1. I'd like the full set of residues that are in contact with a Lys or Arg (Cβ under 6 Å, 6 or more places away or on another chain), small (Gly, Ala, Ser) and either more than 25 Å from Arg128 (Cα to Cα) or more than 16 Å from the ligand (Cβ to nearest atom) (or both), limited to the stretch 80-118.
2. Only residues in the stretch 137-151 that are touching a residue at least 40 places away in the same chain (Cβ under 8 Å) and of a type outside the set (Val, Ile, Thr) count as the first member; pair them with residues that are in a loop (DSSP other than H, G, I, E, B) and near the ligand (Cβ under 7 Å from one of its atoms), Cβ under 7 angstrom, at least 6 apart or cross-chain, and list the lot.
3. Exactly one condition in (1) surrounded by 24 or more Cβ atoms within 10 Å (Cβ to Cβ); (2) more than 13 Å from the ligand (Cβ to nearest atom); (3) under 18 Å from Ala473 (Cα atoms) is not met by Gly58; state its number.
4. Kindly indicate whether any position in the stretch 177-189 is more than 26 Å from Ile327 (Cα to Cα), within 12 Å of the ligand (Cβ to nearest atom) and charged (D, E, K, R).
5. Just one of Ala77, Ala39 is more than 16 Å from the ligand (Cβ to nearest atom) and either out of contact with any His (no Cβ under 7 Å at 6 or more places or on another chain) or within 22 Å of Asn357 (Cβ to Cβ) (or both); which is it?
6. Got at least one residue in the stretch 43-56 being within 21 Å of Phe129 (Cα to Cα) and among the aromatic types (Phe, Trp, Tyr)?
7. Within the stretch 105-156, which residues are farther than 27 Å from His374 by Cβ, in a helix (DSSP H, G or I) and either in contact with a Pro (Cβ under 7 Å, 6 or more places away or on another chain) or not β-branched (Val, Ile, Thr) (or both)?
8. Under 7 Å between Cβ atoms, which residue pairs at least 6 apart in sequence (or on different chains) link something in the stretch 352-380 that is more than 16 Å from Tyr439 (Cβ to Cβ) with a partner that is of a type in the set (Ser, Thr, Tyr) and surrounded by 24 or more Cβ atoms within 10 Å (Cβ to Cβ)?
Amino acid sequence: MQKTAEPSFRQSVDLMFNRAVALMDLPAGLEEKIRVCNATYTVRFGVRLRGRVQTFTGYRSVHSEHMEPVKGGIRYAPEVNQDEVEALAALMTYKCALVEAPFGGSKGGLCIDPREWEEHELEQITRRFAYELIKRDLIHPAQNVPAPDMGTGEREMAWISDQYNRMNTADINSRACVTGKPINAGGIQGRVEATGRGVQYALREFFRHPEDMAAAGLTGSLDGKRIIVQGLGNVGYHAALFLSEEDGARITGIVERDGALHNPDGLNVRAVRDWIVRHGGVSDYPDATHSVDGAALLETECDILIPAALEGVITMENAPRIKAPLIIEAANGPVTAGADEILRARGTVIIPDMYANAGGVTVSYFEWVKNLSHIRFGRMQRRQEEARHELIVHELERLSADRGLGWELSPGFKEKYLRGADELELVRSGLDDTMRSAYQSMREVWHGRDDVEDLRTAAYLVSIGKVAASYRAKGL
Ligand code: GLU
């Protein structure tokens, strides 16, 4: 790689893939088959709005169909382009393989600034885009299942689901055509927070391993750690919120579109988010120092840096000045391949995107299963579980009374133990388990092989190995 040229997002993904695949012994040709994007559909459609026909450009890329349906979000942003969508689709393939979500990789995008349109206009645009994709089976419960991404959320997913349903009135599984829907439209508890929650679980798992912490020069626990978050959107907000409220971490910096907030004592994440909602940005937020040059805060001293916005924010230009010993990529592709090389050489530990932000697709997987099984998680077992727990508690209390032992269960224990798990608890438990086991699989490779220096290469090795095995099983 030329030292001077900053690789694009797509080149970065390919370079990182190549780095990993060079350490594998794949049959000739299979490596190429896995790397390339299978197909990208570009659509240009018109919608009559504001008295004229407005033309929009959208994409849906399918990177790998080694498993179907293929899965990945739909992004609404003005700078969406084919290369970006293809890079994101490739990351979906590796992400799903790594966390064992049984999907191939896909991604979609629409070139649009959603803030420029009214809600009813966005609905018309979304429905028309969905129509174009549905009629080509690029949205389909068995073939291609989108989800939210930057610029989209529950509302857009509900429109897409409804559009699919109108076009497939007899498909009993129609709700499984898209995930990230609101609860009342077939969604699942905990999907909105899922990616941020996954970042929290990933960090908790990292901090369970002293050897891994030592690689980053960190000790102790998450309690009191200084964290800088870039982007307080859905992912960054939830990650920062949970880490500060539940793990005792200090959010010392928040970088947003209109500058950065810094407070060494820790920012109140809820208050900052409220401020952004009310004022459209972080400027003038009272309990912090505001600086217009947001990018400079990325280079400020902290223990953990969480880029949670766009790709390509840590580059060959600013990487040498990044001080955080640990970076967790909550966004897709925030560190370019060039920056990755610089940071690796300096000993910075990077928890890679395909693992760090996999919480979203993991809970999407649970939602898809819920839609196909037509029943909410826990509905059959919850009360039965409670009844069995009650049996044990009563038996213990009876024994204690009969034998005069004077045992008393603490009220907190009793309350917690007697309550059967609801859907949200089951989702969190499934997500936690997924994040823990995927981390284990990466770290085994990271520490187990002399030729693997970093978690990203380890993640690629695990996921490419799984994709390759699945192609081989198909006889390719
Ligand atoms: N857009 C999210 C991602 O990049 C979620 C994808 C999904 O749930 O399918 O992982």
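Bear in mind that the values in this text are calculations on the coordinates, not laboratory data. Since this is a predicted model, take the numbers as computed values, not measurements. Every residue, glycine as well, gets a Cβ built from its backbone with ideal geometry; the counts of neighbours run over all protein chains shown.
1. Residue satisfying the conditions is Ala97 alone.
2. From residues that are touching a residue at least 40 places away in the same chain (Cβ under 8 Å) and of a type outside the set (Val, Ile, Thr), the pairs are Ala147/Thr179; Ala147/Gly180; Pro148/Gly180.
3. (3)
4. Yes: one or more hits.
5. Ala39
6. yes
7. Selection gives Pro114, Arg115, Glu116, Glu119, His120, Glu121, Leu122, Gln124, Arg128, Phe129, Glu132.
8. Hits for this filter: Gly360/Thr195; Ser364/Thr179; Glu367/Thr179; Trp368/Thr179.
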